[in-house]
Amino acid sequence: MSRAPSPFPATGPAVPAFVVRAVTVLLSVGLAVLVMPPQPAVACAIGALIGAVWPWTAAEWVVIAALAVGQLARGLPGPGDVSFHVLLLGVPLLHALAARSRLWPPLARVELRALGRPGLRLLGGQVVLQILATAALWLFGAGSATYPVAGVVAVAGLVGAGFVARRSVRGATAGRR
Amino acid sequence: MSDPGTAHPPLRSAGSLAGTVAGLVVLVVGVAAGRVDVVLLGVPLLVASLWTRVPSAGGVAQVAVEHAEAPTGRVGYRIRLEPPPSAEALHVRVVLSTGRRRDLVVAPGARELVGSAPTWHTGPVAVATVGHRVLGEDAVWAGPPVGPVRLRRVVLPQRVELDGPLPLPPRLTGLTGLHASVRLGDGGELHDINPFVPGDRLRRIDWRATARLRRGPGDLYVRRTTAQSDATVVIAVDTRDEVSDHVATWTTPAGLVERTTSLDLAREAASSLAAAYVHAGDQVAFHDLADQGRVVPPGAGRRHLDRVRRAAAGMVATGLWTPRLRAPVVARGALVYLVGTHLDDTTSELATTWFLAGHRVVLVDVLPHLDRHDLDAREAVATQLLEGERAERIDGLRDLGIGVLDWRRSGFDADRTGSLRGLVRAGRGHR
């Protein structure tokens, strides 16, 4: 027996928004298990679940901050520390997924094409970030002879320079118009 | 089309603010602890939250909803979307006439979304209602909710073919038509052979009859025929209420969704009866009893039928419960079809008034067969009382001589045709 056609308009391939929330929870749990001891990892998992079910609580960003700050307990990584690079990928990805799924109703159908451009932006940002992180850890990470505060200042300076450069490009473009 | 000029400016999203706070916390902790790895984790959060600027104005898409082609039994709609260039995605909410809704998050860029929904009801229908919200890059900002933009259509009722003879009024007015009148005139069947009197037309002289019957040299006999005449039919619809078969939902608007209602049946009955009589060469008038502005005076022909069908299709329940309905002026000798649920005495009083004034009246019953599910004990008793009173009222009108046509869903058009034949037999002998 053939199903009656849906009365709603067809879009491209899509996923329900609650699937994205579920992915966010799984990612949070995975990262917590990777970088944290068992008890804080369980707390993070619960926080991620709360953030997915009740997004207005912003619990997801508490989990993100906990994952990042929990790095303090692990010790300074070296340039070859895979788990740190995974964390460096996971934290911005968590923020991207959580920020977007907070704007979507849970039963909304999210066109996969709508995730394409943000995915490419994230990927581009990750390329820069991972290179920057590798360089910073090589210079200032575990086993290096350089004082680590210099690394902090260098990274902050690079990021600040990036913001200034972007504003300058924007201003020049606006002036030309 | 949505109007962007009235929208509020876009706002920074809560996720962006939360990301900024989280990024700052991580950055400060990293700097305080002298840990470059922690700083590196905080930087992308700040960049993602602060890199994209929130536009000071705009943030609204151009959205229009239009009619689209659809298979039979469905109504099509087309949603045209033109988001602003700064949009990362567009959140679109589509609500159908049945109340079902779906949220879609679609990619940016001008595009069209096409859908078609089944039609449960006839008459004015809000096919699709569309609202939208623009989502900015990196979910940093979101535009205000805009809408709704509605597509309204008037769904014409299906016409039931009423085969066979139709009931006629007791007096046929007019000088032209397709029905044989008992009055003498031109165009009809042979009435009698009568001696020639001044005023008779010479071409009516029947020479054979004259040769056979004459007694003297000046005697002449003429053929007299009956006149042809048309009937005047008035279709009067009581639109004060609109109820479905599910009694438990009579007090809620949700009860009308995805169920055939009394007004759907009334539109079908009015449209079908008008078509049958117009095709028979008669004149048809239409009155909406609760909306005195919705009147179509008597007329005939295809264009007039379209006017009547449009008037019937445009009927909506007024929801005004008034015990008194002003009886419209009805042409002398007209046949009146009084369409409604007849849940109170108002329509039966009207029917009686018209009947006693000499009109032939037929009550058309469009109350659906009642479904008593989900009724508690008190409601069940109240429903039983209501049905009993209504049946008694209709029986009283039947005893008076007013015909009753049951238009409720029986599944077979032949049932209605059979009912009409019964009314024809009961009403033989028009003048």
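Open to solvent by 30 Å² or more (accessible area, probe 1.4 Å), more than 13 Å from every other protein chain (Cβ to nearest Cβ) and acidic (Asp, Glu): is that true of B:Glu69 in this structure? It is true that B:Glu69 is open to solvent by 30 Å² or more (accessible area, probe 1.4 Å), more than 13 Å from every other protein chain (Cβ to nearest Cβ) and acidic (Asp, Glu). On the given criteria, is A:Gly90 small (Gly, Ala, Ser), at pLDDT 90 or above and crowded, with 19+ Cβ neighbours inside 10 Å? Yes. Pull out all pairs, ordered by first then second residue, where Cβ-Cβ is under 7 Å, the residues are six or more apart or on different chains, the first lies in the range B:90-106 and is modelled with pLDDT under 90, and the second is charged (D, E, K, R). Hits for this filter: B:Thr98/B:Glu258.
Return the residues of the range B:149-164 that are outside any loop (DSSP other than H, G, I, E, B) and either modelled with pLDDT under 90 or within 19 Å of the chain's Cα centre (by Cα) (or both); say none if nothing qualifies. If the condition is that a residue be outside any loop (DSSP other than H, G, I, E, B) and either modelled with pLDDT under 90 or within 19 Å of the chain's Cα centre (by Cα) (or both), then B:Arg150, B:Leu151, B:Arg152, B:Arg153, B:Val154, B:Val155 are the ones that fit.
Among the residues of the range A:48-74, just one is part of a loop (DSSP other than H, G, I, E, B) and at the interface with chain B (Cβ under 9 Å from one of its Cβ atoms), namely A:Ala58.
Please work out if A:Leu115 is more than 7 Å from chain B (Cβ to nearest Cβ) and at negative phi. Judged against the criteria, A:Leu115 is a match. With respect to the conditions (1) over 16 Å from the mean Cα position of the chain (by Cα); (2) within 19 Å of B:Glu268 (Cβ to Cβ); (3) open to solvent by 60 Å² or more (accessible area, probe 1.4 Å), B:Val284 lacks only one, and its number is (3). Of the strands (runs of 3 or more DSSP E) that lie entirely inside the range B:84-142, those containing 1 or more residues that are closer than 29 Å to B:Asp288 by Cα span B:87-96, B:111-118, B:123-136. Scoring A:Val127 on the criteria (1) in contact (Cβ under 8 Å) with a residue 24 or more places away in the chain; (2) more than 8 Å from chain B (Cβ to nearest Cβ) leaves a single failure, condition (1). Looking at the range A:105-145, which of its residues are of a type in the set (A, V, I, L, M), assigned to a loop (DSSP other than H, G, I, E, B), open to solvent by 60 Å² or more (accessible area, probe 1.4 Å) and farther than 30 Å from B:Arg102 by Cα? Correct list: A:Ala145 only. Inspect the range B:35-51 for any residue being open to solvent by 10 Å² or more (accessible area, probe 1.4 Å), in a loop (DSSP other than H, G, I, E, B) and either of a type in the set (Asp, Glu) or modelled with pLDDT under 90 (or both) and give the result as yes or no. The answer is yes; a qualifying residue exists.
The values are calculated or read from the model by the stated rules, or taken from the named source; none is laboratory data. Not measured: the values here are computed from a predicted model. Don't worry about glycine lacking a Cβ; one is built from the backbone with ideal geometry, like all the others, and counts go over all protein chains shown. Ligands, DNA and RNA are stripped out before the accessible areas are found, and what is left, the full protein with its side chains, is counted by its heavy atoms. Shrake-Rupley method; radii C 1.70, N 1.55, O 1.52, S 1.80 Å.
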